Number of protein chains: 2
Amino acid sequence: MELSGQSLIGSRRGSRDGKSFQAANPQSGAPLEPIYYSATYAEIEEAAQLAAEAFTTYSQASGKTKAAFLRRIADGFDAHREELAERAHLETALPMPRLLGEVGRTSGQLRLFAGVVEEGSWVNARIDPALPDRQPPPRPDIRSMLRPLGPVVVFGASNFPLAFSVAGGDTASALAAGCPAIVKAHPAHPGTSELAGQIIAEAVAAGGLHPGIFSLLFDAGVEAGTALVKHPLIRAVAFTGSLRAGRALMDLAAARPDPIPCFTEMSSGNPVFVLPGALRKGPAALAASLFGSFTLGAGQFCTKPGIVLVPESSETARFVQELEKLVDQAQPYTLLTPGIAREYGRATQARSAKTPLAAKAAKPNPEHVCMVNAQLFTAKLDTFLMQSSLADEIFGPDTLLVRCDSTSDYLRAASALDGHLTATILGDEGDLATNRELIQILEKKAGRLVFNGFPTGVEVSHAMVHGGPYPSTSDPRFTSVGSLAIYRFARPICFQGFPQEMLPAELQDANPLGIRRIRDGKPEAS
Amino acid sequence: MELSGQSLIGSRRGSRDGKSFQAANPQSGAPLEPIYYSATYAEIEEAAQLAAEAFTTYSQASGKTKAAFLRRIADGFDAHREELAERAHLETALPMPRLLGEVGRTSGQLRLFAGVVEEGSWVNARIDPALPDRQPPPRPDIRSMLRPLGPVVVFGASNFPLAFSVAGGDTASALAAGCPAIVKAHPAHPGTSELAGQIIAEAVAAGGLHPGIFSLLFDAGVEAGTALVKHPLIRAVAFTGSLRAGRALMDLAAARPDPIPCFTEMSSGNPVFVLPGALRKGPAALAASLFGSFTLGAGQFCTKPGIVLVPESSETARFVQELEKLVDQAQPYTLLTPGIAREYGRATQARSAKTPLAAKAAKPNPEHVCMVNAQLFTAKLDTFLMQSSLADEIFGPDTLLVRCDSTSDYLRAASALDGHLTATILGDEGDLATNRELIQILEKKAGRLVFNGFPTGVEVSHAMVHGGPYPSTSDPRFTSVGSLAIYRFARPICFQGFPQEMLPAELQDANPLGIRRIRDGKPEAS
């Protein structure tokens, strides 16, 4: 596919009038062709108008139609697998195997949602039949189901250039719900974004759908995103990124004349509680697994374990020693952008002024602006509890060991935590049984509790919850990964007293779509 | 039951230190005993701390325990039926039959939620079993279900002193979800509130539950409500009332260091579209039904039809004439408070400066400060579209007829609407079939579409949606009436790799509660 550097406004190319910018190869710093042009305000307006226009028909599209569309995008991803991964590699320095895997995750995600909307029961159809003889008064016929919210703005994330970007989970779930999507591309990987955008635009055209269903806007700064979140025709926002940017979007969405839902997935320390059984099982293996988890993707996962609580025990010294050795010997990591690398440098520097730096890879020295070294901090529990900034997420390959006298300190530590995406417990089943209270506290602090695994792997499945209390996300009632993510973009509509033929198929007595429904509060006999 | 005038902080009475106030009989203006005392900041703090403490155990309470608790409250309501209605009548001037009915609605609502949580499937349990052989990598066991959010603040509404107040739908759904509730009583009916609060507190004690599950705070002003919405231990807010107050709470909740969900049900014009078939069927009957609907409860229903679109037809003159006659001859209505009556006077006065007042009941003249007359306004469609304030809700017995040349104007009118709780279409089935586009537009504007009924009746059932786009509510993805209301106060939690015995009963393989679950995206065989 060719890269043009221009936004996609529905089916047409944007102009070259806006401010220009270029991606850079994080490994070499070399600028990458082509030049990209920020969307103009007129183009933003046009994309919003087109999306609202498209919503009129797309909101009524059948599950079959939407499924075919999503599968067409997935097929496009698979067909351009290498091309997508290669461009993403140039723009992010993430390793090719990881990026090839991410293409598969992205197309898999699209197919998951295709399956959900094709099957159709996700709309939560409910029927309360009329009770004409009820006294007083007769009950009318009442039926409800979920319908799409309207045009959604999606912000591409820097750290997953495919799976959380232009055709990632946010776009897939919005399109599956029946909402047009306007994506604001992340400026660090515009080429990957344009390739993905072309694949979606081709699927729109091939399906004979309204071109306003999808637009892709480039922007060097924050103007386009701001304008989109404030635009009266936009009905919801989805974002993955920093706490600062995410909170700014939340505040913009809440300050609108008509506030809209704003899903931001932002900042998480993903605390790990090491229990004695885990240390007994093998301190060296534990250190290796933990090291692998916090340096995966150069530590640029939203689920990176950034806070690790360890009790004093006979194996602790060995565990810490092994971990220090792994960090000492680690090769340097290339982060996504010079800005992210700079921020990693600043944040680790600030942290080292507050608590000891236990280990830092020293050789070879970073050779270029995006290269950084893994770092390992330690803090006593009291220090950790007194200096709340030690719990702040640092984006990159570091972690903080919080040394506790014993696991009886864990309740105090857990109670002090803010919201996180995940909380992990490592130990044996006996440990788990004796720490029920800890689990109950962690349930209030995180969206996903992991036992004897590491949080960095996020399954795209039906039970997954990738969400958690603030500041990990804006709203812990929703997930941004897994099939439940579709529920962010739908609202229930109730039809009272409607004749059969005027009801959506999902609510007609004959149940032509054969979906699961609730009748008078109970599952309908099928 | 005795009335003390004091808040209920868990199981103990509040102090008499705060600013005092008294309810007044809207019909006579006479103050009603006893004197009520605003909660102090120390009491607000204590209620919040107690609620957080109670959440630790109540969040783990079984569906059976919660159901027994809710039924005990319902039984208390039924046992004190007359007492509740009589006090509510003194404080609100709403007629006794309506208030007796509202007691039944309130206890019915509590029993509806009891049934939902006792059955247990509402938690949306999902199981994605481990796939140890999957390459790469193996899939861990992932299970998720809904868990309660935490302490919820409920604001009692003025217009439903029982069903949307202390033990109303918000409190019932919060308690059903497993959330402690702190209710800020509406100052217009403190006695009714205290009676309801005592019934709940007795049910808490009888069930041996933590007293912090429920507190009831009185306040003459907005201080207690503001402090509660800003309190760090509060996890959600539910409110029914004016747009101004609701938006202020939304803004407070969004500006917190950690924003929390804030459900406000505020302002709705509930547009009614009259189609030719409805006029043909009988203009006089139509006028009588409409008059009954917009004056029900003295026009103080959130679902009052305040905007009625009528096409010119041979029957229109007769319909308007009949309606004018009914308004002319109407007895005066007693509104809930002097403030509400004053605002009705101001708003109708302002409206009459903008568009013709077609009819106004003239005799007998209002005799006291809460008494007002029904009013009927008319506007041409163009006037309505140009003066957006004509679409604003007026709380009280008035409505606005919007005269359209023909029903082909309806698309333009519907497109211009803001969000509403309901939108109604009156006509025959042929009318409905020729107005599919109108229905599609209305679907974007309202949470409930009514065909050939009036919106003022809101069923408490499983399919009901009492919600809609802003400004009718803060969030159209939820309802405040019906069993779906419980979903406002829950969030999904995911357990990864947990051994069976450490999982909540809802997620164990053996399914000891026998609930409906989703396994690998499909309903589990039972």
Going by how many other Cβ atoms sit within 10 Å of their own, how do B:242, B:38, B:28 line up, fewest first?
-> B:28, B:242, B:38
Segment B:272-451: antiparallel DSSP beta bridges as a percent of all, rounded to 5 | 20 percent
Placing a label point 7 Å from Cα toward Cβ, how far apart in nm is residue A:281 from its equivalents in the other copies, listed shortest first to one decimal?
-> 6.8
In whole angstrom, note down how far apart the Cα centers of segment A:351-410 and segment A:24-103 are.
-> 36 Å
For residue A:64, counting only lysines whose alpha-carbon sits under 20 Å away and dropping same-chain residues fewer than eight positions off, the answer is B:522
Along segment B:214-228, Karplus-curve 3J(HN,Hα) (6.51, -1.76, 1.60; θ = phi - 60°) to the nearest Hz, with x for Gly and Pro, reads 9, 9, 10, 10, 9, 7, 6, x, 10, 5, 5, x, 4, 4, 5
Global geometry of segment A:272-451, whether rounded, prolate or oblate, following the gyration tensor of its Cα atoms and the 1.5 cut on a/c | prolate
Obtain the nm distance between the two label points defined at residue A:258 and residue B:342 by a simple spin-label model: each point lies 7 Å from its Cα along the Cα-to-C-beta direction.
-> 3.2 nm
Ranked A:465, A:402, A:222, criterion: other C-beta atoms within 10 Å, fewest first = A:222, A:402, A:465
Expressed in µm² per second, the diffusion coefficient of segment B:330-415 from the Stokes-Einstein equation, with Rh the Kirkwood radius over alpha carbon pairs, at 20 °C and 1.002 mPa s, is 155 µm²/s
What dipole magnitude, in Debye to the nearest 20, does chain A give about its Cα centre under +1 on Lys/Arg Cβ and -1 on Asp/Glu Cβ?
-> 540 debye
What does the average come to when, for each residue of peptide A:135-143, you count the partner chain Cβ atoms lying within 10 Å of its Cβ?
-> 3
Residues A:96, B:250 in order from fewest to most other beta-carbon atoms within 10 Å are A:96, B:250
Just counting partner chain Cβ atoms within 10 Å, what average do the residues of peptide A:420-430 show around their Cβ?
-> 1
Sort shortest first the distances from residue A:97 to its counterpart in every other copy, using label points 7 Å along the Cα-to-beta-carbon line, and give them in nm.
-> 7.8
Give the shape of segment A:108-208 as rounded, prolate or oblate, defined through the alpha-carbon gyration tensor: a ≥ b ≥ c are the square roots of its eigenvalues, a/c under 1.5 means rounded, and otherwise the shape is prolate if a/b is larger than b/c and oblate if not.
-> prolate
Using only the Cα atoms of the protein assembly as shown, each taken as one equal point scatterer with no solvent, compute I(q) by the Debye sum, divide by I(0), and report log10 of the ratio at q = 0.04, 0.05, 0.09 Å⁻¹.
-> -0.21, -0.32, -1.04
Taking a label point 7 Å out from Cα toward Cβ, give me the nm distances from residue B:134 to the same spot in the other copies, shortest first, one decimal.
-> 4.3
Closest Cβ on chain A to the rotation axis that carries it onto B (distance rounded to whole Å) | A:254, 2
Be a star and scan segment A:231-250 for residues whose amide nitrogen sits under 15 Å from the point 7 Å along the Cα-to-Cβ vector of residue A:350.
-> A:242-245
For the pair residue B:119 and residue B:20, what calculated FRET efficiency results from E = 1/(1 + (r/R0)^6), where r is the Cβ-Cβ distance and R0 = 56 Å, to the nearest 0.05?
-> 0.80
Using alpha-carbon positions, the gyration tensor of segment A:158-224 gives root eigenvalues a ≥ b ≥ c; with a/c under 1.5 called rounded, otherwise prolate if a/b exceeds b/c, else oblate, the class is prolate
Projected area of segment B:367-526, taken from the Cα convex hull and averaged over every viewing direction, in nm²?
-> 15.8 nm²
Which percentage, to the nearest 5, of the DSSP beta bridges contained in the protein assembly as shown is antiparallel?
-> 40 percent
Cβ under 10 Å from residue B:377's Cβ, residue B:377 left aside: what net charge do those residues give with Lys, Arg +1 and Asp, Glu -1?
-> +2
Mean Cβ count within 10 Å, highest first, over the residues of peptides A:438-449, B:385-396 = A:438-449, B:385-396
Over 25 Å between C-alpha atoms is what I'm after, so list which of B:184/B:444; A:325/A:354; B:325/B:445; B:304/B:325; A:66/B:445; A:19/B:444 land there.
-> B:184/B:444; B:325/B:445; A:19/B:444
Output for segment A:1-62: trypsin sites (Lys or Arg not before Pro) sitting in coil per DSSP, at most 16 other Cβ within 10 Å, listed by number, reads A:16, A:19
Which ³J(HN,Hα) values, rounded to whole Hz and listed in residue order, are derived for segment B:498-510 from phi using the Karplus coefficients 6.51, -1.76 and 1.60 in 6.51 cos²θ - 1.76 cosθ + 1.60 with θ = phi - 60°, glycine and proline given as x?
-> 7, x, 3, 6, 9, 7, x, 3, 4, 10, 6, 3, 5
Would you kindly derive the ³J(HN,Hα) couplings of segment B:415-430 from the backbone phi angles with the Karplus curve 6.51 cos²θ - 1.76 cosθ + 1.60 (θ = phi - 60°), listing them in order in whole Hz, with x for Gly and Pro?
-> 4, 7, 6, 7, x, 9, 5, 9, 9, 10, 10, 10, x, 9, 5, x
Antiparallel content of DSSP bridges confined to chain B, in %, to 5 = 40 percent
Sequence-distant aspartates and glutamates (8 or more away, or on other chains) whose Cα lies within less than 12 Å of residue B:360 = B:324, B:328, B:398
Mind pulling the per residue volume of the convex hull built on the Cα atoms of chain A? Å³ is fine.
-> 165 Å³
Using the beta-carbon distance between residue A:244 and residue A:131 and R0 = 56 Å, what value does 1/(1 + (r/R0)^6) give for FRET efficiency, to the nearest 0.05?
-> 0.55
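Bear in mind these aren't lab numbers, they're just calculated from the coordinates by the rules spelled out. These numbers were taken from a predicted model, which means no experiment stands behind them. Ideal geometry is used to build each Cβ from the backbone, glycine not excepted, and the neighbour counts take in all protein chains shown.
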